[in-house]
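Below is one structure, written out as structure tokens, with a few remarks after it.
The values are calculated or read from the model by the stated rules, or taken from the named source; none is laboratory data. Values in this document were obtained by computation on a predicted structure and should not be read as measured data. With ideal geometry, Cβ positions are generated from the backbone for all residues, glycine too; neighbour counts draw on all protein chains shown.
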Amino acid sequence: MAFGEKLSELLEGRGITQKEFALTLNIAPTTLNGYIKNKRQPDFELVKRISSVLEVSADFLLDNGSNFNITSKEISLIYKLRTLSEEQQ
């Protein structure tokens, strides 16, 4: 799965709009949209910020060869689980 698809699914899974996320990263919404549509590529520092904010590894975003295949939807479910109280879990 391409970087933009993963990013889009992660944002959707967390209920974050592209505009909100662009503001968080201090980039233009059109720039973020370019990343999501795989028309542009973020630099290394921005990939680190994106992975930090979304609480995923840069390797996961960049699809750098882990033998442990987990989808961005699964990552979103884990994120949602972690935000629940112990009782809700």
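Of all residues in region 46-73, count the ones that are among the acidic types (D, E) and at pLDDT 80 or above. I'd like the intermediate steps shown before the answer.
Here is the first cut: in region 46-73, the residues among the acidic types (D, E) are 55, 59, 63.
Filter once more, keeping what is at pLDDT 80 or above: 55, 59.
So the count comes out to 2.
State which residue pairs qualify: first residue within 17 Å of K48 (Cα to Cα) and inside region 16-38, second residue in a loop (DSSP other than H, G, I, E, B) and among the basic types (K, R) in any location, beta carbons under 8 Å apart, and separation of 6 or more residues or different chains.
Note: pairs meeting the criteria are T31/R40.
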